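The values are calculated or read from the model by the stated rules, or taken from the named source; none is laboratory data. Keep in mind the model is a prediction, meaning the values are calculated, not measured. Reconstructed Cβ throughout: ideal geometry from the backbone, glycine too, with neighbour counts over all protein chains shown. All accessible areas refer to the heavy atoms of the entire protein, side chains included, with ligands and DNA or RNA removed. Shrake-Rupley method; radii C 1.70, N 1.55, O 1.52, S 1.80 Å.
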Amino acid sequence: MPRFGYDGYDGYDGYDGYDGYDGYDGYDGGARRAPSGALGTARDGTVGYWNGTADRTPKSTGRSSWEAYQTLGSKPKAKVLDAALGGYFDVTLSDADKANTCGTVQCFGQTIVTLNKPTDDFLADNQLHYLRTAADLRPDRIGEISVQISNLRSFFGLVGHMSPAATKWTLMLHFAALRMIQSIEHPLKFGFDVARPISMSYKVQPIIQTPGHGAWPSGHATESFALATLLTRLFYNRAFDPKAEIAAGNELYRHAARIAMNRTVAGVHFPTDSMAGAVLGVTVAEALVRLLDGESETATRAYFGNTYKGDFNLSLLSSALDDASVVKSGTAPLPSDQVPSWLSTMWETAKGEW
């Protein structure tokens, strides 16, 4: 597991990271693969004469899309699922030539997230000092920080077992949600191009390598809060209400907040980066869950990072969600009949794992 660098994260929870869970991909590897020559001579010696006529009926004829999906290899499964989930969301940035001050995320054409970024001067004046305080926690947190560079799943696995044998479809959706939210966060980070703390002071001196891409919103905060929101729906046998769960501080959101805060402790993110990521991750994942559940509307949120001067933790996030001057909330309609039957069945199967 790589200790330094963000790029190591992609392989862990991406397509290649999932191959081992299907089990079959390892079957064709190395010395266990039958040589083509041996197969050819075996066929010639056993088939005898064949005139080219069919003598069996394909089992795939007339099967459901869910049955067909289950026969796909791990990478085709992931690609089909990614295509479905990716079609639900779009990122809009008005300026393609220089850094944007505002960006939005749409779900079926309805804006569900609006992010208003801070300026460099605002960060230097109102956010940089938090890194001085957070740095005192580095000796206690370095172990967590190093693992969290490339592994979020294990921390959520402390709350509910993430087992390929027992929770296969939860894992499939976990990885897919991670890839989906990364496809949203990275265009935003690129489009905002917000400076990292190391660019503000020589004395920050992060304890991990600072990624080269923009800071805002924090990718780890976005991903951890998106995953916590998805898994909240699956792990807990109660009504789905992310805002209430954040206020109550459920175990998944506590881990998400700690992951996000550790990025400030490490010296690579400002607290506002985490606030923006949390708002983005929760809102997008909430829309996805409500869409999969067949609900008719979802929450919308606009974060005013251009004016928020505060720190980040779970309690402050909960307060921000109730403060329209920090996060303005609303609702947007969700369309019906947009979830294919195979994905609906996967979702119901994943819920049944809990």
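Here are some notes:
- Per-residue HN-Hα couplings for region 58-68 [Karplus 6.51, -1.76, 1.60; θ = phi - 60°; Hz; x = Gly/Pro]: x, 6, 6, 4, x, 7, 6, 5, 5, 4, 5
- Shape analysis of region 32-83 based on the Cα gyration tensor places the equivalent ellipsoid semi-axes at 32, 20, 7 Å, largest first.
- Nearest-ten-degree value, helix 219-235 long axis tilted from longest Cα axis of the chain: 60 degrees
- Cα long-axis angle, helix 251-266 against the chain (0 to 90 degrees, to the nearest 10): 60 degrees
- Residues listed by number, region 82-117, amide nitrogen under 15 Å from Lys328 label point at 7 Å toward C-beta: 102-105, 111-117
- For the chain, size of Cβ-based charge dipole, Lys and Arg +1, Asp and Glu -1, in debye: 540 debye
- Phi to ³J(HN,Hα) by Karplus 6.51 cos²θ - 1.76 cosθ + 1.60 over region 35-45, Hz, x for Gly, Pro: x, 4, x, 5, 5, x, 5, 5, 5, 4, x
- Note: relative contact order over region 216-294, using C-alpha pairs below 8 Å and six or more positions apart, is 56 percent.
- Mean separation of Cα contacts under 8 Å, 6 or more apart, over the residue count of region 176-307: relative contact order %: 32 percent
- Whole-Hz Karplus values for region 87-97 come out as x, 8, 10, 9, 10, 10, 10, 6, 10, 8, 9 Hz, taken residue by residue from phi with 6.51 cos²θ - 1.76 cosθ + 1.60 and θ = phi - 60°; glycine and proline positions read x.
- Candidate residues His269, His129: accessible-area rank, largest first, probe 1.4 Å: His129, His269
- Taking GluC sites (Glu not before Pro) across region 262-306, the ones in a DSSP loop with at most 15 further Cβ atoms lying within 10 angstrom of their Cβ are Glu295.
- Tensor-based shape of region 124-197 (alpha-carbon gyration tensor, a/c under 1.5 rounded, otherwise prolate or oblate): oblate
- Built amide H within the under 5 Å cut-off of Ile112, gap 5+: Val105, Gln106, Cys107
- Whole-number percent relative contact order across region 181-239, with pairs defined as alpha carbons under 8 Å at least 6 apart: 41 percent
- Helix 341-352 vs. the chain, principal-axis angle (Cα, 0 to 90°, nearest 10): 70 degrees
- Measuring nothing but protein heavy atoms, the accessible surface of region 129-198 at 1.4 Å probe radius is 61 percent carbon and sulfur.
- Against the set [x] 175; [y] 141; [z] 231, the structure's computed volume of the Cα convex hull per residue in Å³ falls on [x].
- Distances between placed amide hydrogens fall under 5 Å for Glu297 paired with Leu334, all partners being 5 or more residues away or on another chain.
- Cβ crowding within 10 Å averaged over residues, with 314-321, 151-158 ranked highest first: 314-321, 151-158
- Convex hull of alpha carbon positions in region 73-142: directionally averaged projected area 8.8 nm².
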